[in-house]
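Written below as structure tokens is the structure these notes are about.
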Amino acid sequence: ALYRELNPDDAPLPTASVRSIWTAIATQQGRTVLVADLDGALAGTADCTVLPNLTRGGRSILVVENVVVADVYRRRGVGRQLMEAAAQLAGSTGCYKIQLLAADGHEAHTFYRACGFQPLAQGFRRYLNHDQLTAQPGEPTRSEH
């Protein structure tokens, strides 16, 4: 339900897929999913991955994804506490920076600035079409039929 608040257009995943994905996340080295719990309720989350790095003296980078706070818990400091926990994780694992991409929107940008993040780089994304990923080289994709 919490991730549906982040991406309301996503179709729900089958339970078996969710379990398989959570197992993969739990066993991935350097991966930490931060969870905010308020009186037993899931209030928010942030997915953090420490990436080993060959620059900056070999110091790692912490990448933060899928930050979401449940609508009923917004403006209570939950998001700020998640970002502070991410900063502590970065420090404890020897990272030299925390990096994230923020969705378009004034509210998200204002929030990240308030948490000490600065818009210092331009982000790029390339979304991949699943049909293109599953086609064999030289084989037309479904969209080319």
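Derivation of every value follows stated rules applied to the coordinates shown; laboratory data play no part. Since we're looking at a predicted model, the values are computed, not measured. Cβ coordinates were reconstructed from backbone atoms using ideal geometry, including for glycine residues, and neighbour counts include every protein chain displayed.
Structure summary
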{"read-out": "Residue match in the range 74-81 (condition: in contact with a Lys or Arg (Cβ under 6 Å, 6 or more places away or on another chain) and closer than 19 Å to residue 101 by Cα)", "value": "no"}
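Residue-by-condition table, conditions (1) polar (S, T, N, Q); (2) out of contact with any helix residue (DSSP H, G or I) (no Cβ under 7 Å at 6 or more places or on another chain):
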site	(1), (2)
77	no, yes
81	yes, yes
106	no, yes
111	no, no
114	no, yes
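Residue-wise test of (1) in contact (Cβ under 8 Å) with a residue 40 or more places away in the chain; (2) touching a Lys or Arg at 6+ places or on another chain (Cβ under 9 Å).
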| residue | (1), (2) |
| --- | --- |
| 6 | yes, no |
| 15 | no, no |
| 23 | no, no |
| 31 | no, no |
| 36 | yes, no |
| 44 | yes, yes |
| 50 | yes, yes |
| 56 | yes, yes |
| 72 | no, no |
